[in-house]
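Input: a single structure, listed below in structure tokens.
Where a number appears in this text, it was derived from the coordinates with a stated rule and is not lab data. It should be emphasised that the depicted structure is a prediction, and the values quoted were computed from it without experimental measurement. For neighbour counting, all protein chains shown are included, and Cβ atoms are generated from backbone atoms with ideal geometry for every residue, glycine included.
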Protein chains: 2
Amino acid sequence: MKVIKFGGSSLASATQLKKVLNIVKSDQERRFVVVSAPGKRNAEDTKVTDALIKYYKSYTNGDDVTADQDWIINRYQDMVDELQLTSNIIDDIAEAIKSLAQLPIKDNDFLYDSFLAAGEDNNAKLIAEYFRKNGISARYVHPKDAGIIVSSEPGNARILPSSYDKLEKLRHSDDVLVIPGFFGVTTEGQICTFSRGGSDISGSIVAAGVKADLYENFTDVNGIFAAHPGVVENPHSIEELTYKEMRELAYAGFSVLHDEALIPAYRGKIPLVIKNTNNPDHPGTRISLEHSGASVPVVGIAADDNFASINMSKYLMNREVGFGRKVLQILEDLNIRWEHMPSGIDDLSIIVRERELTPIKEQEILSYLTRELGVDEVEIEHNLSIIMIVGENMKDHIGVTATATKALSDNHINLEMISQGSSEVSVMFVIKTEQEKEAVKSLYQAFFSPDK
Amino acid sequence: MKVIKFGGSSLASATQLKKVLNIVKSDQERRFVVVSAPGKRNAEDTKVTDALIKYYKSYTNGDDVTADQDWIINRYQDMVDELQLTSNIIDDIAEAIKSLAQLPIKDNDFLYDSFLAAGEDNNAKLIAEYFRKNGISARYVHPKDAGIIVSSEPGNARILPSSYDKLEKLRHSDDVLVIPGFFGVTTEGQICTFSRGGSDISGSIVAAGVKADLYENFTDVNGIFAAHPGVVENPHSIEELTYKEMRELAYAGFSVLHDEALIPAYRGKIPLVIKNTNNPDHPGTRISLEHSGASVPVVGIAADDNFASINMSKYLMNREVGFGRKVLQILEDLNIRWEHMPSGIDDLSIIVRERELTPIKEQEILSYLTRELGVDEVEIEHNLSIIMIVGENMKDHIGVTATATKALSDNHINLEMISQGSSEVSVMFVIKTEQEKEAVKSLYQAFFSPDK
């Protein structure tokens, strides 16, 4: 039993939907289809979700909404025509789109979410109808009926644990169920959307709920690349990753699937595969709890910029009981999340993301460290990047760090900091952002193209 | 103006004392001589300090102390004879040794310290006399008269800041002053000794107090070796070190000078040189605030065992504000000092010295982390060693870490953890203790004998 999720680009046109149909048809285990809103058909096109945002603005501004409604309805109409659907499906959709402009504006925390969710919701209806017309016994299921019950946090809904029991009952359905992604309903019945990557989250929740054997996430790429294609020319796609590895890669800039989307599947111990709608025979990238067998030491190289480092030194620092804890306390008091804390004997650095700092917070930190903790020197270093080489099997391969540091050194990249923890899922290097691309290239070359 | 300190082996016999005399005579800037108690003359000999401990035990047990007194007095008598001193100095010394057995035993927190300090104190008297007989205008000065005023912590005295003003007045003396090391007097006039390396501490205090241009610490080695001679065959001695580098080396097993002895000189910005009484022409190892010029990237390789690592992992750990701080708080509550805290995304290790842990504390940590902080996995790893490659100029040399990790990897040494902080005074490797010696050898070879 598989849960299969399609992204917006896989659902943008009749051509794409035909691929989707074939993918679903080709494997009887594909029983739950989670769908996004229609994406762009070409570079100039507008996503349905963006059109809904425009519609929402017109409506709340008191402007005429007819043009906005028509654009959206026509967008679905085009697909209905291209797919030669003869039913009254477009009437349902048009009605749903128009009825949004009857929702109360005042004291409605969920209005924006209701507009946004319409993109997915109506697409699911259309796709279910399309499947039915083409020999799949399919049925549209609203998240409310599926049991996707969420917290009342508009734009940032969290799944409530009770959802999973209800979702599990869907296992017994004989139909292929088509479920709109991106949103759930609150216990009061309000539409409430997930954070970014919302449809991926829905797919993950459904997969965990129905205890799927596999969660297939169809995108428009062949899987996850071992390094950013904007930096490395034609990087290969990774065959197999563990959830831990995916977390590390996602941490440092890999944005294929957001954390929020991984958690339900990870917790439910459901393997996940990233596949390409346009190339469904490609095995894609499989993400599971453990590597299936022999594996390379390094699976991927990630890099992310916009880090800063608070560097302090104090003679005899390491004799002071509680010093590190006090430093972390001040950060916590200032609501600053920190990332890493490499230390020498008399020095300590705290690596944070730039977004955690403001000029005022920086002043607070400097003054606290100098006056209260009596550090000898303190400075805040900006424009840093983190590079991570990631691989759970690293620990069985002596020399990974040697290979990495040699590659960086050969390319004249100076290491500001290094940290390799006991888990050995990754080695982290902090370097100046100006050297980031060069560093990623060097490491990719060293681990994946040693002969070039 | 120089402060010069001699250790016990430099003062063990007339032969040694003649070398000391020549050293002091050869440089008129050597104006303050801080001395230890007489050390061993050969492997079977007893140190005067150890004889004093025996004497103390006999006295406090109520045993006859005559034999103990005689042994100690004879030890000084031998030196008086060999040095052909004709004065009544031995009578003074004998009197001082005997009078220890008149000190009150009951409610006397300073009795043990008073016995111990007699080794240095009487040696200073003897040496001042010897200097006078040989053309040096020398004078014995008791720490009380010198102004070495300390806290009332027997065996662990700390210098009181007011001492420095008093010590500064000694600058104006025309004589060479001979000051016993190892102890000071409390504000109530009690003898109170420093912790281990006590005479080194005294020398450092005097150097800072009189604002010496140099603190010369004479030992029986040519300086500080770049690696442990028990591990590396004939390691070279280091020409120049900074205080920071010395701290890092001392942290990981280099025991030439204890921290306590470095602090006063460091704070007083006094350079220090470690020299060999038996080879005074050798330049020794100079320790100062900054390197004097071009220098090698790595000055030394230190290693220390008896470390443990508390390794924990928790999915999404790095999203939890305050997680690290809470971990450090529990350690602080258990009075556990920690050394380093390398982290991944979802894992964190805390490296501590084994002496900080007990089975009960380990249980407390495991149970707290599991129950209160909800970690997924936690284990405490034992039998770890820390290897440090140290050098302040490392930061100007790209590739130091690459050289080190390659050397370790070529020798099949697996890195449990790595940490290199922003100061770049050192790179730290955590490895299994069973591989420690091999690791030190590999690194010494890589940095200092690349051609072999």
FRET efficiency (B:R267, A:D220; Cβ distance; R0 51 Å; to 0.05) is 0.20
Structure shown: which of A:K244/B:K406; B:K18/B:K244; A:K395/A:K437; A:K19/B:K314; A:K169/A:K275; A:K326/B:K441 lie over 30 Å apart, alpha-carbon to alpha-carbon? B:K18/B:K244; A:K19/B:K314; A:K326/B:K441
Provide the net charge surrounding A:I23, with neighbours chosen by a C-beta distance below 14 Å and charges set as Lys +1, Arg +1, Asp -1, Glu -1. +3
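Got a sec? How would B:T86, B:T405, B:T60 order by Cβ neighbour count within 10 Å, fewest to most?
Fewest-to-most ranking of B:T86, B:T405, B:T60: B:T86, B:T60, B:T405.
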Give the angle, between 0 and 90 degrees and rounded to the nearest 10, that separates the Cα long axis of helix A:89-99 from the longest principal axis of the Cα atoms of chain A. 60 degrees
In nanometres, the difference between 0.36 nm per residue of separation and the alpha-carbon distance of A:D376 and A:D213 is 53.0 nm
If you count, for every residue in B:254-264, the Cβ atoms of partner chains within 10 Å of its Cβ, what is the mean? 1
Neighbour-count order for B:E377, A:E356, B:E245, A:E260, fewest beta carbons within 10 angstrom listed first: B:E377, A:E356, A:E260, B:E245
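When only C-alpha pairs under 8 Å and at least 6 residues apart count, what is the relative contact order of chain B, in percent? Before the final figure, lay out the partial values.
On the way: 904 pairs, mean separation 57.9, N = 452.
Computed over chain B, the figure is 13 percent.
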What are the ³J(HN,Hα) couplings of region B:346-354, residue after residue, when phi is run through the Karplus curve with 6.51, -1.76, 1.60 and θ = phi - 60°? Round to Hz, x for glycine and proline. 10, 9, 8, 10, 10, 9, 10, 7, 3
Just to confirm the numbers: B:N134, label point 7 angstrom along the Cα-Cβ line, distances to the other copies in nm, shortest first? 10.4
Over all residues in A:323-330, what is the mean tally of Cβ atoms on other chains that come within 10 Å of each residue's Cβ? 5
For region A:431-436, Karplus couplings with θ = phi - 60° (6.51, -1.76, 1.60), whole Hz, Gly/Pro x: 9, 6, 4, 4, 9, 4
Within region A:7-207, percent of DSSP bridges classed antiparallel, to nearest 5: 30 percent
If labels are modelled 7 Å from Cα along the Cβ direction, B:E438 lies from its partners in the other copies at nm distances, smallest first, of 3.6
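Rounded to the nearest 0.05, what FRET efficiency do B:T358 and A:L316 give with R0 = 25 Å and r taken as the Cβ-Cβ distance? Could you check?
Computed FRET efficiency for B:T358 and A:L316 comes out at 0.50.
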Report the gain in length on full extension from B:N88 to B:L103: 0.36 nm times residue separation, minus Cα-Cα distance, nm rounded to one decimal. 3.0 nm
Given H placed on each backbone N at 1.01 Å, which residues far from B:G300 in sequence or on other chains put an amide H within less than 5 Å of it? B:V390
Residue-ordered couplings for region B:121-126, obtained by feeding phi - 60° into the Karplus form 6.51 cos²θ - 1.76 cosθ + 1.60 and rounding to whole Hz (Gly and Pro as x), are 4, 6, 5, 4, 4, 4
If you keep only loop residues by DSSP, which trypsin sites (Lys or Arg not before Pro) in region A:225-285 have at most 14 other Cβ atoms within 10 Å of their Cβ? A:K269
Helix A:14-25 sits at what angle to the longest principal axis of chain A, using alpha carbons and giving 0 to 90 degrees rounded to 10? 80 degrees
Only bridges whose two residues both fall in chain A count here: according to DSSP, what percent of them are antiparallel, nearest 5? 60 percent
Modelling each spin label as a point 7 Å along the Cα-to-Cβ direction, I'd like the B:S162/B:T60 distance in nm, to one decimal. 2.9 nm
Could you please rank B:T66, B:T193, B:T242, placing first whichever residue has the fewest other Cβ atoms within 10 Å of its Cβ? B:T66, B:T242, B:T193
Would you calculate a helix-derived [θ] at 222 nm for the protein assembly as shown, using -39,500 (n - 2.57) for each DSSP H run of n ≥ 4 and dividing by the full residue count, to the nearest 500? -11500 deg cm²/dmol
Contour minus end-to-end for A:E153 and A:H397, with contour as 0.36 nm per residue of separation and end-to-end as the Cα-Cα distance? 83.3 nm
Relative to the other copies, what are the label-point distances for B:D174, with labels 7 Å from Cα along the C-beta vector, expressed in nm at one decimal and sorted shortest first? 12.0
Provide the FRET efficiency to the nearest 0.05 for the B:S255-A:A294 pair, computing r from the beta carbons and using R0 = 41 Å. 0.35
